[in-house]
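Have a look at the structure below, then the notes.
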Amino acid sequence: MRIQHTVLSLAFLSDILVEADIIPRSFAEINAHLEPRRRKKRSAAGLVDDNGWPKYFHEPGGSELANHYDSRYEHGILSYEDKQDTQVHMIRAYLDFFKKNGMETWLAHGTLLGWWWNGKMLPWDWDVDTQVSGPTLMYLGTHFNGSIYDYTSADSDPELVPPIERQYLLDVNPAIIERDRGNGDNVIDARWIDLRNGLYIDITGLSETEPSIAPGVWSCKNLHHYKTTDLYPMRETMYEGVVAKVPYAYYRILAEEYMEKALVITEYEGHKWHPEIKEWVKKTPAEIKQERLDRQEARRKKQQEKEEKKKAKEEKEKAEQEAKEREGTGTAEATENHAGGEKEDKARPIIGPEADDDLGVKEPEKEPFKAKRNAEPQQKFYLEDELPTLGRESSGLKHLRRRRIQKHS
Ligand SMILES: *[C@@H]1O[C@H](CO)[C@@H](O)[C@H](O)[C@H]1NC(C)=O
């Protein structure tokens, strides 16, 4: 395998690395330091307004599906199978690349949710998302922007399917220096793009944007926030067959982003979770049809039950009324003078939101969703004490700092 580095350094990026012998602690500091120079450069170029940078990554758009391709490399929308194949190898190559270069990255968003289920991509998901620390992001920008990573997939039977040569481009957004959301055009910091078809991994950096107000809170430009202690120490695990990392408090992070429901429901987006094989399997058209029929039948049954209940209730009331009329002793006033409790009961309207449960009109309240609190991830990960180097020291920040110092000494 061959790595070509094209180290492209924007003036401001190299400035940072020259001036800071170590990686600066926060982007807020960098921003404050560079702001005046940047503004001058921008207006001189007359290209970028004060609001920020032009949008860097482009997708063909037009449909939800088309949004998942990089405009420069797409040749149309892939089939379900080709998409799966692309994503599996894309993430493997990506994790490989980071590992080989001693950089830390971890799974995020839907990609992390897929890990939770079975250590794989969710088959309906078009997004692949990873995160890196702010310093790693800067390092990527200065050392690896424009790198092309050659990778030959050889997991299939080589007799049947010959190994496929694939190439990935690491493209780093020059707007990584800005850590606020801006107008949202540049919330993606970098991409790992399959050059054959334009599908990509979205890489976002987390930085401590408000160290004085909110120390220990790490945010991406799309305003997802994480506590240091929820991220670190990272847990080592497997994803799509290769070593990967997930945040320490993966459960909390997932439950916050997707609600706990996403960790237990077993049917989603036309797929069904098959616990015996630990796979999300796409439903067949016949299954989908059958489900529709089952739903219709269930609705019909429910309606029928309701009507029967209502009828029974009406009959009962009618009988009671008739019995009362037969008794026929008390006057209206006498009835009114009955004990309070009874009076209230009788005065209670039969029809109305509170009473119609008895009439069978009101639908019974849906059972509130109860997640299994002690739910465990489907995917195994190494326990904390099984990892020799696990500890706060393993954070990307410290790691990179060490690298830089070594480089300079
Ligand atoms: C990465 O490379 C591209 C292509 O040359 C360039 O437009 C972009 O500004 C670079 N990004 C950084 C962070 O230097």
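The values are calculated or read from the model by the stated rules, or taken from the named source; none is laboratory data. Computed from a prediction, not measured in an experiment: that's the story for all the values here. For neighbour counting, all protein chains shown are included, and Cβ atoms are generated from backbone atoms with ideal geometry for every residue, glycine included.
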Going through the stretch 162-181 one residue at a time, which ones are part of a loop (DSSP other than H, G, I, E, B) and away from the ligand (no atom under 16 Å from the Cβ)? Pro162, Pro163, Asp180, Arg181
Scan the stretch 90-110 for residues that are in a helix (DSSP H, G or I), touching a residue at least 40 places away in the same chain (Cβ under 8 Å) and within 20 Å of the chain's Cα centre (by Cα) and jot them down. Met90, Ile91, Arg92, Tyr94, Leu95, His109
On the given criteria, is Val172 more than 29 Å from the chain's Cα centre (by Cα) and of a type in the set (Val, Ile, Thr)? no
Can you tell me which residue within the stretch 125-161, out of those that are part of a loop (DSSP other than H, G, I, E, B) and surrounded by 15 or more Cβ atoms within 10 Å (Cβ to Cβ), is farthest from the ligand (Cβ to nearest atom)? Asp125
Can you report the number of residues in the stretch 235-267 which are surrounded by fewer than 21 Cβ atoms within 10 Å (Cβ to Cβ), of a type in the set (A, V, I, L, M, F, W, C) and in contact with a helix residue (DSSP H, G or I) (Cβ under 8 Å, 6 or more places away or on another chain)? 6
Of the residues Glu279, Glu291, which single one is free of Cβ contacts under 8 Å to residues at least 60 places away in the same chain and either surrounded by 10 or more Cβ atoms within 10 Å (Cβ to Cβ) or not basic (Lys, Arg) (or both)? Glu291
What pairs come out if I take residues in the stretch 134-153 that are of a type in the set (Ser, Thr, Tyr) and pair them with residues that are within 10 Å of the ligand (Cβ to nearest atom) and at pLDDT 95 or above whose C-beta lies under 6 Å away, six or more apart or interchain? Ser147/Leu170
Per the filter on the stretch 199-214, residues modelled with pLDDT under 95 and either within 16 Å of the ligand (Cβ to nearest atom) or among the β-branched types (Val, Ile, Thr) (or both) are Ser207, Thr209, Ile213
Selection from the stretch 242-271 of residues that are touching a Lys or Arg at 6+ places or on another chain (Cβ under 7 Å) and free of Cβ contacts under 8 Å to residues at least 12 places away in the same chain: Thr266
Arg196: of a type in the set (Lys, Arg), part of a loop (DSSP other than H, G, I, E, B) and away from the ligand (no atom under 15 Å from the Cβ), yes or no? yes
Tally the residues that are within 22 Å of the chain's Cα centre (by Cα) and assigned to a loop (DSSP other than H, G, I, E, B), restricting the search to the stretch 61-76. 4
Those strands (runs of 3 or more DSSP E) lying entirely in the stretch 208-296 with at least 3 residues not assigned by TED's automatic domain parsing to the domain that holds Gly102: 271-274, 279-282
Can you find even one residue in the stretch 171-190 that is among the charged types (D, E, K, R), closer than 14 Å to His89 by Cβ and in the same structural domain as Thr105 (by TED's automatic domain parsing)? no
